[in-house]
Structure formats: structure tokens, C-alpha cells
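One structure is given below, encoded as C-alpha cells.
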Amino acid sequence: DVKVTQSSRYLVKRTGEKVFLECVQDMDHENMFWYRQDPGLGLRLIYFSYDVKMKEKGDIPEGYSVSREKKERFSLILESASTNQTSMYLCASSLRGSPDGYTFGSGTRLTVV
Amino acid sequence: TQLLEQSPQFLSIQEGENLTVYCNSSSVFSSLQWYRQEPGEGPVLLVTVVTGGEVKKLKRLTFQFGDARKDSSLHITAAQPGDTGLYLCAGSGAGSYQLTFGKGTKLSVIP
């Protein structure tokens, strides 16, 4: 069964910490995405990548960075975590040229205290 | 900027009832997907529609893409408690595989 795996289901971090969220897909997909999901705001795109070592800013990139050194892995980095980054983080991947939508991971519920 | 409006935002119904949720835009989409998300999980793809007027059925769920490819609906017949979740629609424009998501319809089916 094809999968997008996020390294942690739940994380609690302190304000100011550097936080790494990892995402790995086994489908050889070119495209990978990081979203955050908050009640009433829906899914908001943070960053995406269409190829190895390539990254593009989404709608809310401030306070985040990403890394894609290998095709299967897309990492989201919170340089200095703040309480307003408490959220559900979702990673997704898709196949270039396919209209078939995204495959999502199970999400990481991050709490910054 | 392409926007997708979903309605209703919340829906609570009794088991066995029928329901329809809507996804509307002023923009044309080359394809549209519906996802279901259960609490604490990521969204799971239910269906993709690509042709204006297309109707797809998935057991008790019927999905329709509008003739002008600007809107879609999801109809559930005889809802079950297992249908409970957040239903998201998402569309992609011509030449783009980056999706625009609606904010979702939160469905509760009461036994």
C-alpha cells in the first residue's frame, strides 16, 4: 500500500526551539507539500517542492523553511518555534502530470508551549 | 486567486437520512477531488472528477462535477455513523497540479 509517512503523530516543543518535521513517501512522487490545518482556516500551504533540492513558498512561509535533499523526503523546519505555530501539520505528495490529487500523511499535531 | 466555497460548513443528521454538500467557485477547474478526513488523521482521497457533467458513484456516495467545471456536489444516501468526518473539495487549474482547497463541511451522523 502506498504511503506518506510523517515521523511523529504528536510533538510538544518549547518556545524558541528548532523543530524538524519529517515526511517520507514511497510512491516516487515528484511533488511534495507541507500544509498546516487550523479550525476555521482550513488547509494553508506553507511550502512545496517539485523536485529534489527545489522549493517554492506557499501562502504562509514565514517562520518556516524546508529541505528536500532526496526525492522521497521533504522536511519542514521551524527555525524558532512560537506558540502561534501550534497546529496540525500535514504532508502530501502527488505525481507530476497526474490529475489524481494528493496522498496525505496522517499528520503531526504540534503544540508549542 | 482561485477560491472554493463549501456549504454547509456544519451538518448534523440522523442515521439513514440523505444529504448533499456543495463546492462552488467562480473559477474553472481542470479537475476536482473530494477528500474525507477523520479526526486526528490526514485527508483521504475519495474521488477525482475531470469532465464537465461527470457523475461518479462510490457505494452510497454520488459525486457530480458541474457542466461548466466551476462547482461540484457530494450526495450521501442513507448516511451511516461511519460517514462522519470533514469533507474537503479541492481543485486544480489548467496546467497546475497545485490544489486549491475548500474549508470543508464537517458532517456528524448520529446513530
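The values are calculated or read from the model by the stated rules, or taken from the named source; none is laboratory data. Remember, predicted model here, so these are calculated numbers, not experimental data. Virtual Cβ from ideal backbone geometry, glycine too; neighbours counted across all protein chains shown. All accessible areas refer to the heavy atoms of the entire protein, side chains included, with ligands and DNA or RNA removed. Shrake-Rupley method; radii C 1.70, N 1.55, O 1.52, S 1.80 Å.
Listing for the model above:
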{"item": "Isotropically averaged projected area of chain B, using the convex hull of Cα atoms (one quarter of hull area), nm²", "result": "6.5 nm²"}
{"item": "Region A:1-52: trypsin sites (Lys or Arg not before Pro) falling in loop per DSSP and having at most 11 other Cβ within 10 Å", "result": "A:R14, A:K18"}
{"item": "Among B:I110, B:G16, B:V50 the positive-end extreme of the charge dipole of region B:10-111 (Cβ point charges)", "result": "B:V50"}
{"item": "Cross-link pairs A:K18/A:K55; A:K70/B:K56; A:K70/B:K59; A:K71/B:K57; A:K13/A:K70 - those with Cα-Cα distance over 30 Å", "result": "A:K70/B:K56; A:K70/B:K59; A:K71/B:K57"}
{"item": "Per DSSP, loop GluC sites (Glu not before Pro) in region A:1-108 with at most 10 further Cβ within 10 Å", "result": "A:E62"}
{"item": "Assigned charges on the beta-carbon of Lys, Arg, Asp, Glu; the protein assembly as shown dipole about Cα centre (debye)", "result": "280 debye"}
{"item": "Where the Cα pairs of region A:38-82 fall when distances are cut into 10 Å bins, in %", "result": "26, 50, 22, 2"}
{"item": "Total formal charge among the other residues, if their Cβ is under 15 angstrom from that of A:K55, Lys/Arg +1 and Asp/Glu -1", "result": "-1"}
{"item": "Net +/- balance of residues flanking B:I76 in space, Cβ distance below 13 Å, scoring K and R +1, D and E -1", "result": "+1"}
{"item": "In the A-B interface, the accessible area buried, summed over both sides, Å² (probe 1.4 Å)", "result": "1600 Å²"}
{"item": "Candidates B:S30, B:S12, B:S73, ranked by Gaussian network fluctuation over chain B, Cα under 10 Å, top entry", "result": "B:S12"}
{"item": "Distance cut-off 18 Å, percentage of C-alpha pairs in region A:1-106 lying past it", "result": "45 percent"}
{"item": "Rounded to whole Hz, the Karplus (6.51, -1.76, 1.60) HN-Hα couplings of region B:73-83, x for glycine and proline", "result": "9, 10, 10, 10, 9, 6, 4, 10, x, x, 7"}
{"item": "Under Karplus coefficients 6.51, -1.76 and 1.60, residue-wise ³J(HN,Hα) of region A:17-29 in Hz, glycine/proline x", "result": "6, 8, 10, 10, 10, 10, 9, 10, 10, 10, 10, 6, 6"}
{"item": "Rule-of-thumb Rg ratio for the protein assembly as shown [Cα; 2.2 N^0.38 Å; N residues]", "result": "1.02"}
